[in-house]
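Colleague: My structure is below; once you've seen it, I'll send some questions.
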Amino acid sequence: DAASLEFHLPRAVVKLQEAQPTRVAMLTRLPWLVTSDPQRGGLRPVAEVAQLLTQETDFSLLSPDFQAVPTGIDVLILAQPEALTDAQQFVLDQYVLSGGKLMIFLDPASTVAGDGGGGLEQGSQALGRLTQAWGFSVQGDVIADRTFAPPVQTGLAWRNAIAPQPLIFRVPASGLNQDQAITSGLSQGVHVATPGEVVPLGQTSSRVTPLLTSSPDTMRLEAERALSGVGLGDRLDHRP
């Protein structure tokens, strides 16, 4: 379709212009994303995004006990990593200050991570003091959205019923940043599950540009309760 062509053509042009492929390193403990392959050696991408990375870039995994970012890394991806030590936080801070590009994916309640994958271990806090130093925080609670909640079939009082599911909802096009290319063309919206919240702290010169915004009718729920499927509680925190 036209949208797919609009993406693939510029990507092909960029690849022809690149003398060397982009070097990407990833630090993650999500086994469904990418894993090592002891039989064939090397890495085995699992998720589609990991397959794209291994095909289009010079891709490598960063060891959980890393002491330095390898020389020449163009982009470093942190996807629900282990909690970083103070020394590792310093290494990442220096990487960013020297102009390195960093992509961070932190989830307070990962529904796909499971045990050992960052679920209940507060993955949102894995970067320690770095997020505050960079001017934002990732909240440890989950956002539940009652306006965007889709109707789902559920068992209530031993009978089937239709009830809203505010923990797994669709952010419609109206909640997407229409000024950013990455979200402006998503006319069907984006589905999210037990999402967290990024809060600008306003203490640095860093600028935070939201891509997805919840409705005003939201509540915050502890991560453990969200993953266990317990009721939403009574505490409401309305957000713009």
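Colleague: Within segment 185-193, is there a residue that is in contact with a Gly (Cβ under 9 Å, 6 or more places away or on another chain) and either surrounded by fewer than 11 Cβ atoms within 10 Å (Cβ to Cβ) or closer than 18 Å to R220 by Cα (or both)?
Modeller: No, that holds for no residue.
Colleague: Let me ask you something else. Regarding T183, is this residue assigned to a loop (DSSP other than H, G, I, E, B) and β-branched (V, I, T)?
Modeller: No; evaluated as a whole, the condition is false for this residue.
Table: residues versus (1) at pLDDT below 85; (2) open to solvent by 10 Å² or more (accessible area, probe 1.4 Å); (3) among the small types (G, A, S).
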| residue | (1), (2), (3) |
| --- | --- |
| G116 | yes, yes, yes |
| Q125 | yes, yes, no |
| F136 | no, yes, no |
| Q139 | no, yes, no |
| F148 | no, yes, no |
| A161 | yes, yes, yes |
| I168 | no, yes, no |
| D179 | no, yes, no |
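Colleague: Moving to a separate point now. Consider segment 68-94. How many of its residues are more than 21 Å from Q139 (Cβ to Cβ) and not small (G, A, S)? Reasoning before the result, please.
Modeller: Residues of segment 68-94 more than 21 Å from Q139 (Cβ to Cβ): 68-77, 85-88, 90-91, 93-94.
In the following step, the residues that additionally are not small (G, A, S) were identified as 69-71, 73-77, 85-86, 88, 90-91, 93-94.
So the count comes out to 15.
Colleague: Filtering segment 202-225 down to residues that are polar (S, T, N, Q) and surrounded by 12 or more Cβ atoms within 10 Å (Cβ to Cβ), which residue is farthest from the chain's Cα centre (by Cα)? Show your work before the answer.
Modeller: Looking only at segment 202-225, we keep the residues that are polar (S, T, N, Q), and these are 203-206, 209, 213-215, 218.
Next, from what is left, pick out any that are surrounded by 12 or more Cβ atoms within 10 Å (Cβ to Cβ): 204, 206, 213-215, 218.
Numbers: T204: 23, S206: 19, T213: 14, S214: 16, S215: 19, T218: 20 Å.
Applying the filter and picking the extreme gives T204.
Colleague: For segment 1-106, which fully contained helices (runs of 4 or more DSSP H) count at least 3 residues that are exposed (fewer than 12 other Cβ atoms within 10 Å of the Cβ) and modelled with pLDDT under 90?
Modeller: Counting at least 3 such residues, we get 2-17.
Residue-by-condition table, conditions (1) under 26 Å from R129 (Cα atoms); (2) outside any strand (DSSP E or B):
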{"site": "I143", "(1), (2)": "yes, no"}
{"site": "T147", "(1), (2)": "no, yes"}
{"site": "S174", "(1), (2)": "no, yes"}
{"site": "D179", "(1), (2)": "no, yes"}
{"site": "Q188", "(1), (2)": "no, yes"}
{"site": "V199", "(1), (2)": "yes, no"}
{"site": "R207", "(1), (2)": "yes, yes"}
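Colleague: A further question on this structure: Can you say whether G196 is farther than 18 Å from R225 by Cβ, modelled with pLDDT of 85 or more and under 19 Å from the mean Cα position of the chain (by Cα), as far as the supplied structure shows?
Modeller: Values: farther than 18 Å from R225 by Cβ: no; modelled with pLDDT of 85 or more: yes; under 19 Å from the mean Cα position of the chain (by Cα): yes.
No: the conditions fail for G196.
Colleague: Moving on. If the Cβ limit is 6 Å and pairs must be 6+ apart or interchain, which residue in segment 194-218 that is on the phi > 0 side of the Ramachandran plot pairs with which residue that is part of a strand (DSSP E or B) and surrounded by 13 or more Cβ atoms within 10 Å (Cβ to Cβ)?
Modeller: T194/V142
The values are calculated or read from the model by the stated rules, or taken from the named source; none is laboratory data. Just so we're clear, the structure is a prediction, and the values are computed from it rather than from any experiment. Neighbour counts are summed over all protein chains in view; Cβ atoms, including those assigned to glycine, are modelled from backbone coordinates with ideal geometry. Quick note on the areas: whole protein, heavy atoms, side chains included, nothing else; ligands and nucleic acids left out. Shrake-Rupley method; radii C 1.70, N 1.55, O 1.52, S 1.80 Å.
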